[in-house]
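The next block holds one structure in the form of structure tokens; read it before the comments.
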Amino acid sequence: MRNSFFKLAVPVLAVVAALLISALLIMATGRNPLMIYQKMFSMTFGSDYGTGQIVFRTTSLILTGLAVAIPFKVKLFNIGGEGQVLAGAVTAATVGIVLPSETPPLIAITLCSLSAMIAGGFVGLFAGWLKVRFGVNEVISTIMLNFIVQALAGYLLTWHLAVPSTVHTPEIIRSAQLPMFDSIIGIWQKSPANISTLFALAACLASWVMIFKTITGYEMRAVGLQPEAADYAGINANAHLMKAMAIGGAMAGLASTNLVLGYKHFYEAGLTSGIGFIGIAVALLAFAHPLWLVASALLFGFLEYGGLTVNAYVPKDIFMMVQAVTILMILVLTKAMRGS
């Protein structure tokens with residue numbers, strides 16, 4: 001009971017504290033915080049288009065949050081979501097370009113999505129292998145892999161994939177493009193929200209089932225809690241470390257479908273920038289719980305787009321600071337409450 005209260009109280013207190021601090025920053029710019037927050041809500045959740053924008057951003061953040069949350073169950077800290085989602089985006093775009101134009105939509109979307117997951121999963125798996133084989137700290141290896149993937153993606157785009165005189169690839173075939181919600185059920189008109197949101201929600205549910213309802217998940221959690229005891233019980237800790245990193249990378253790779261298949265319909269330089277790092281914050285706020293990630297990602301999606309809607313009144317950087325303060329408060333409050 002106390003543990004449940006703790007897990008609920010910490011995120012709530014962190015968000016409230018961050019909003020209070022942001023109110024002080026808004027006041028420092030000479031604006032009324034209540035007026036700014038009212039405008040944010042009216043231009044986001046108060047409008048059909050704004051809500052669609054939040055859903056679009058939330059979709060990617062759910063999946064990059066899972067990229068951190070799943071390895072965290074085996075006490076690995078995956079900082080490589082940025083590179084993993086980038087690898088997925090380049091791969092999905094490449095497959096979507098080379099597929100024959102007559103490919104049926106179900107096959108085209110499946111192939112592009114799976115290829116993105118495989119690319120992201122491979123990057124994560126490689127970091128896991130370095131950990132198991134050479135003892136390389138996953139924080140260091142995933143950060144370095146971010147730079148390597150970024151350099152490789154830049155090379156491929158510049159010299160092989162880009163449309164001449166542009167910084168983007170050709171458009172993927174039409175059958176590989178994900179339908180928008182406004183074309184299916186008539187909501188979130190003209191926003192980039194697309195059915196990859198359903199992929200993200202399904203991934204959350206599947207991750208929850210795997211972690212808490214399967215033998216594999218039980219063994220992963222055992223490795224994270226007591227690796228020595230798990231080893232004594234015959235659980236292959238190294239296999240689970242690599243598996244967790246591969247699955248986390250695959251989730252990040254899947255996030256690229258929202259951007260490439262559902263939104264731009266091509267890959268362009270900077271398309272995935274920042275998504276992987278915000279996913280770390282999403283996972284921390286949700287205590288790495290797959291289902292809580294939805295609410296956490298929704299908050300960060302709101303702050304991200306909401307900051308843009310009031311940029312004419314206050315700098316959007318204030319709301320980037322809110323995200324950072326939220327995570328700092330999570331860490332401080334967690335330490336304080338556990339020590340009490």
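None of the figures in this text is laboratory data; all of them are computed from the coordinates on show. These numbers come from a predicted model, not from an experiment. Because the Cβ atoms are built from the backbone with ideal geometry, glycine has one as well, and the counts that use them run over all protein chains shown.
Cβ-to-Cβ counts within 10 Å put T326, T44, T216 in ascending order as T216, T44, T326, the fewest first. Scoring 277-284, 288-295 by mean Cβ neighbours within 10 Å over their residues and listing the highest first yields 277-284, 288-295.
Here r is the Cβ-Cβ distance between N238 and M144 and R0 is 25 Å; the resulting FRET efficiency, rounded to 0.05, is 0.75.
Based on DSSP H assignment, which helices of the chain show an axial Cα extent of at least 30 Å together with a mean Kyte-Doolittle hydropathy greater than or equal to 0.0? Going by DSSP H runs, the hits are 2-28, 48-72, 105-134, 237-259, 317-339. For N194, nonlocal amide neighbours, meaning residues 5 or more places apart or on other chains whose placed amide H falls under 5 Å from its own, are F181.
The fraction of Cα-Cα pairs per 10 angstrom bin, counted from 0 for the stretch 220-321, comes to 13, 31, 32, 15, 8, 2, 0 percent, rounded to whole percents.
Once both labels are positioned 7 Å from their Cα atoms along Cα-to-Cβ, the gap between V132 and S42 label points is 5.6 nm. Highest mean packing first, where packing is the average number of other Cβ atoms within 10 Å per residue, the peptides 309-322, 57-70, 147-160, 122-135 line up as 57-70, 122-135, 309-322, 147-160. Only helices enter this figure: runs of n ≥ 4 DSSP H residues, each worth -39500 (n - 2.57), summed and divided by the residues of the chain, yield -24000 deg cm²/dmol at 222 nm to the nearest 500. Ordering W188, W208 from the fewest to the most neighbouring beta carbons within 10 Å gives W208, W188. Kindly provide the GluC sites (Glu not before Pro) of the stretch 79-139 that DSSP labels as loop, not H, G, I, E or B, and whose Cβ sees at most 12 other Cβ atoms within 10 Å. Passing both the DSSP loop test and the Cβ count: E102. Computing FRET efficiency as 1/(1 + (r/R0)^6) for S101 and S273, where r is the C-beta to C-beta distance and R0 is 25 Å, gives about 0.25.
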